[in-house]
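Trainee: One structure is given below, represented as structure tokens, and several questions about it will come after.
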Amino acid sequence: METTGYVKKQTLYLTIIAALVIGFVGGVGYSVYRSPAVNADPHAHQQQQAAEIIASLEKATEQNPKDGNAWVQLGHAYFDTGQAPKAIAAYLKALELLPGDLNVMTDLGVMYHQDKQHGKAIELFDQVLTANPQHEQARFNKGVVLLTGLQDTKAALAEWKILLQYHPMAAAPSGKMVGDLIDQLEKEQAK
């Protein structure tokens, strides 16, 4: 059997996961790299800056616990630094104060996935998609959870095909077109 042009399933999954991680981290990178590095070790500088931002947001939520936007920003800071349990708690508090915020619900779903609570992630994405079937990020992330969390390639493909009906030029955070991801997965399934 000739396998030229095909990617092993494990390699494909690793590529998709790497692309997603790069996209998540990219959001943090923009804010961190805006200011010049004062420290000789850029990574240490990034960590210090992230810690300062988190400390500031934690203080803001302590001083004004009814400020839903402060809770959202704290959730984002935890999200960007890979602290899923803390991000989940912050986003839940934000949703108590800002019920029905579809973007916060989507971010919370991503954190549930990162915390290996895939069922909760899918439930949240489904709530978002019930309210707005065209919500691009929720639909894409639901496909990611189906593929990488629940290993349900067929359901992930179906989700991403619906996404393309609404957003034909949808792309992963890495910039890879969703249509290309679908093609790769379908070729892998055909083997």
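The values are calculated or read from the model by the stated rules, or taken from the named source; none is laboratory data. Fair warning: this is a prediction, and the values are worked out from it, not measured in the lab. We place every Cβ from the backbone using ideal geometry, glycine too, and count neighbours over all the protein chains shown.
Trainee: Being in a loop (DSSP other than H, G, I, E, B) and either more than 15 Å from the chain's Cα centre (by Cα) or free of Cβ contacts under 8 Å to residues at least 24 places away in the same chain (or both) is the filter here, so list the residues in the range 60-93 that pass it.
Mentor: We begin by selecting, within the range 60-93, every residue in a loop (DSSP other than H, G, I, E, B); these are 64-67, 81-83.
Matches in the range 60-93: 64, 65, 66, 67, 83.
Trainee: So, residue 110, is that one part of a helix (DSSP H, G or I), within 15 Å of residue 69 (Cβ to Cβ) and either at pLDDT 95 or above or touching a helix residue (DSSP H, G or I) at 6+ places or on another chain (Cβ under 9 Å) (or both) or not? Lay out the reasoning, then the answer.
Mentor: Details: part of a helix (DSSP H, G or I): yes; within 15 Å of residue 69 (Cβ to Cβ): no; either at pLDDT 95 or above or touching a helix residue (DSSP H, G or I) at 6+ places or on another chain (Cβ under 9 Å) (or both): yes.
In short, no.
Trainee: Please go through the range 170-191 and give me each residue that is touching a residue at least 60 places away in the same chain (Cβ under 8 Å) and within 16 Å of residue 154 (Cα to Cα), ordered by number.
Mentor: 181, 184, 185, 187, 188, 191
Trainee: On the given criteria, is residue 153 closer than 30 Å to residue 65 by Cβ and of a type in the set (Ser, Thr, Tyr)?
Mentor: Numbers: closer than 30 Å to residue 65 by Cβ: no; of a type in the set (Ser, Thr, Tyr): yes.
In short, no.
Trainee: Among the residues of the range 108-122, is any among the hydrophobic types (A, V, I, L, M, F, W, C) and in contact with a Pro (Cβ under 9 Å, 6 or more places away or on another chain)?
Mentor: yes
Trainee: Among the residues of the range 125-132, is there at least one that is acidic (Asp, Glu) and assigned by TED's automatic domain parsing to the domain that holds residue 169?
Mentor: As a first pass, look at the range 125-132 and keep what is acidic (Asp, Glu): 126.
Imposing the further condition that a residue be assigned by TED's automatic domain parsing to the domain that holds residue 169 reduces the set to 126.
Yes: one or more hits.
Trainee: Let me ask something else. Would you confirm, using the coordinates I've provided, whether residue 141 is polar (S, T, N, Q), part of a helix (DSSP H, G or I) and in contact with a Gly (Cβ under 8 Å, 6 or more places away or on another chain)?
Mentor: Working: polar (S, T, N, Q): yes; part of a helix (DSSP H, G or I): yes; in contact with a Gly (Cβ under 8 Å, 6 or more places away or on another chain): yes.
Yes, satisfied.
Trainee: Collect the residues in the range 113-130 that are touching a residue at least 24 places away in the same chain (Cβ under 8 Å) and in a helix (DSSP H, G or I), keeping them in residue-number order.
Mentor: Within the range 113-130, 113, 114, 118, 121, 122, 128 qualify.
Trainee: Mind listing whichever residues of the range 115-147 are under 16 Å from residue 95 (Cβ atoms) and surrounded by 24 or more Cβ atoms within 10 Å (Cβ to Cβ)?
Mentor: Hits for the range 115-147 are 121, 124, 125, 128, 138.
Trainee: Identify, please: which residue in the range 148-181 is over 21 Å from residue 109 (Cβ atoms) and either outside the structural domain of residue 109 (by TED's automatic domain parsing) or hydrophobic (A, V, I, L, M, F, W, C) (or both) and is, among those, surrounded by the most Cβ atoms within 10 Å (Cβ to Cβ)?
Mentor: The selected residue is 177.
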